[in-house]
Amino acid sequence: MLAVDRTGKLYEIEIQRDDDGAIPQRARYNSSLLDSREVAKGTDFDQLPETWVIFITENDTFAKNLPLYHVERTIKELHQDFKDNAHILYVNSAYQDDSALGKLMQDFHCSDPAKMHYKQLANRADFFKTKKEGVKTMCKIMEEIQDKGHKMGIEEGRSQMALDTAMDMLRDNKPIEEIVKYSHLPLERIQELAATLH
């Protein structure tokens, strides 16, 4: 989710169930996307807004049993913040105490809206689980996700078929031009594959 607050701060928020989805390089990439979005609008560098990349993780990513992990750039030799206004925050949803954040994380794991602490979240969950319009919306979203996955699978299958075709033709010492024609792969890719056979 991408959000902007009243002061112009940008928030990119992801819920990560898979530990691999919350690796530091992904946080760095997401942070750079927020910056490039603003630079593309013609913003001067000194006018870049404050940004927050927030990962709400299912597991305790850093295994220190803390509710939050703030990631900030620092100038090591000076022991002070770099103050580039780019922040990364990991929210450990496995940490579920009686604090406001702990209760919110309990709600994230709760499947019964009647047992949730926060009414806004409970009402929204109830809408998507029990109301005809909400269930219909969720079904449509799930169909779109399934269709996208199906299309991705088809594309991956075609890519693999093209690679297999090219490799078979290379092993049979077919001319490069013929391999390009039948595999639909670019010449550079065929040359890379040929190099792996020698």
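The values are calculated or read from the model by the stated rules, or taken from the named source; none is laboratory data. Remember, predicted model here, so these are calculated numbers, not experimental data. Here the Cβ positions follow ideal geometry from the backbone for every residue, glycine too, while neighbour counts run over all protein chains shown. Just so you know, the surface numbers come from the protein's heavy atoms only, side chains and all, with ligands and any DNA or RNA stripped out. Shrake-Rupley method; radii C 1.70, N 1.55, O 1.52, S 1.80 Å.
In terms of overall dimensions, segment 56-148 has a Cα radius of gyration and Dmax of 18.4, 59 angstrom. The tail of the calculated P(r) for segment 120-181, taken as Cα-Cα distances beyond 12 Å, holds 76 percent of the pairs.
Taking Rh as the Kirkwood radius computed over C-alpha pairs, what is the Stokes-Einstein D of the chain at 10 °C in a medium of viscosity 1.306 mPa s, expressed in µm² per second? Using the Kirkwood radius from Cα pairs, D works out to 74 µm²/s.
Any idea what the relative contact order of segment 20-94 is, in percent, if you count C-alpha pairs under 8 Å spaced at least 6 apart? It would help to have the intermediate numbers written out before the result.
Numbers: 92 pairs, mean separation 26.4, N = 75.
Relative contact order, segment 20-94: 35 percent.
For the chain, the relative contact order comes to 12 percent (Cα pairs under 8 Å, sequence separation of at least 6).
In terms of distances greater than 27 angstrom between alpha carbons, the cross-link table entries K9/K41; K64/K103; K9/K103; K9/K132 yield K9/K132. Largest first, the residues T61, T7 sort by 1.4 Å accessible area into T7, T61.
Evaluated at q = 0.14, 0.19, 0.27 Å⁻¹, the base-10 log of the normalised Debye intensity for segment 1-74, with identical point scatterers placed on the Cα atoms, takes the values -0.50, -0.85, -1.36.
Estimated from the Cβ-Cβ distance and a Förster radius of 25 angstrom, the FRET efficiency linking V4 and V71 is about 0.75. Each DSSP beta bridge with both residues in segment 13-100 is either parallel or antiparallel, and the antiparallel ones are about 35%.
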